[in-house]
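See structure below.
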Amino acid sequence: MIRVRRQPMTVHQNYIAGAWAEAAEPAPNINPSNLSDVVGEYARANEAQVRAAARGIAVDAVVHAAAMTNVDGCESEPEEAMRVNRDATRHVADLARERNATFVYVSTDYVFDGTKRAPYVETDRPNPLNVYAASKLAGEHGVLSAGGDHQVVRSSGLYGLRPCRAKGGNFIDAMFRLVRDGILKLGAIQDPED
């Protein structure tokens, strides 16, 4: 149970409050038993739908992890990628600011081109190489321009109990599948002093 202003929050409400952009209908119309099924459709919400979904839900913080994350899908549907990763993010950031809630945006390290020979830091200049990365960087810009109390997290990967169907599972599941299917051969490096 997570506590918010004025009321305890159920898992169902946490889902809506945690990612208002995912809900295209008011909260009572979403069945919490199939939340993993609604993410793809509800991430495409427009501003009015985001506001309707958030009506009556009081929060202190919003963690916005809703996104179009399929890199190939973003390349083939760049307008959709921008609508989900840039526009919906801005809608949620604006709403969080209006409610004086801390806003945490989960972005990606794909905003960098990977050419640096050291770990990236916050002040490094982004250079997105694909539509997915450009749309997530645009989402970051929306968060920053929305103002309010916000954080941007550039993660290289998120893992959980429920694999992402759009990506074909999480990274670990994908590696097991590639090895099992003979697509990937695993090797190990041995320390020469052993």
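The values are calculated or read from the model by the stated rules, or taken from the named source; none is laboratory data. Just so it is clear, the structure is predicted and the values come from calculations on it, not from any experiment. Methodologically, a virtual Cβ is constructed for each residue, glycine included, from the backbone with ideal geometry; neighbour enumeration extends over all protein chains shown. For the accessible areas, the whole protein counts, side chains as well, though only heavy atoms, and no ligand, DNA or RNA atoms are used. Shrake-Rupley method; radii C 1.70, N 1.55, O 1.52, S 1.80 Å.
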Next item on the list: Determine the pairs where a residue that is closer than 23 Å to Glu75 by Cβ, located within the stretch 107-128, has a partner that is open to solvent by 60 Å² or more (accessible area, probe 1.4 Å) and outside any loop (DSSP other than H, G, I, E, B) with Cβ atoms under 6 Å apart, the partner being 6 or more residues away or on another chain.
Entry: Ser107/Arg154; Asp109/Arg154
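Within the stretch 40-49, does at least one residue satisfy the condition of being of a type in the set (Lys, Arg), at pLDDT 75 or above and crowded, with 16+ Cβ neighbours inside 10 Å?
Of all residues in the stretch 40-49, those of a type in the set (Lys, Arg) come to 44.
Subset that is at pLDDT 75 or above: none.
No, there is no match, as no residue in the stretch 40-49 is of a type in the set (Lys, Arg), at pLDDT 75 or above and crowded, with 16+ Cβ neighbours inside 10 Å.
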Item checked: Matching residues in the stretch 47-83 - criterion: being hydrophobic (A, V, I, L, M, F, W, C) and in contact (Cβ under 8 Å) with a residue 60 or more places away in the chain -> Ala65, Ala67, Met68, Val71, Cys74
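Inside the stretch 105-127, can you point out the residues that are aromatic (Phe, Trp, Tyr) and open to solvent by 80 Å² or more (accessible area, probe 1.4 Å)?
Tyr110, the sole residue that qualifies.
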Checklist line | Qualifying position, being at pLDDT 90 or above and part of a loop (DSSP other than H, G, I, E, B), among Asp124, Asp87 | finding: Asp124
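Could you list all residues from the stretch 70-93 that are of a type in the set (A, V, I, L, M) and crowded, with 18+ Cβ neighbours inside 10 Å?
Of the residues in the stretch 70-93, the ones of a type in the set (A, V, I, L, M) are 71, 81-82, 84, 88, 92-93.
Listed by number, the residues that qualify are Ala81, Met82, Val84, Ala88, Val92, Ala93.
Which one is modelled with the lowest pLDDT among residues in the stretch 60-84 that are more than 18 Å from Val153 (Cβ to Cβ) and among the aliphatic types (A, V, I, L, M)? Break it down stepwise before answering.
Applying the first criterion (more than 18 Å from Val153 (Cβ to Cβ)) to the stretch 60-84 yields 70-83.
From what is left, the residues that are among the aliphatic types (A, V, I, L, M) are 71, 81-82.
On the way: Val71: 90, Ala81: 93, Met82: 94.
Ranking the qualifying residues of the stretch 60-84, first place goes to Val71.
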Check: For the stretch 137-172, which residues satisfy the criterion of being surrounded by 14 or more Cβ atoms within 10 Å (Cβ to Cβ), among the charged types (D, E, K, R) and modelled with pLDDT under 75?
Finding: Lys167
Notebook entry, point to check: Quick check: is even one residue across the stretch 60-69 over 11 Å from the mean Cα position of the chain (by Cα), in a loop (DSSP other than H, G, I, E, B) and more than 18 Å from Ala146 (Cβ to Cβ)?
Noted result: no
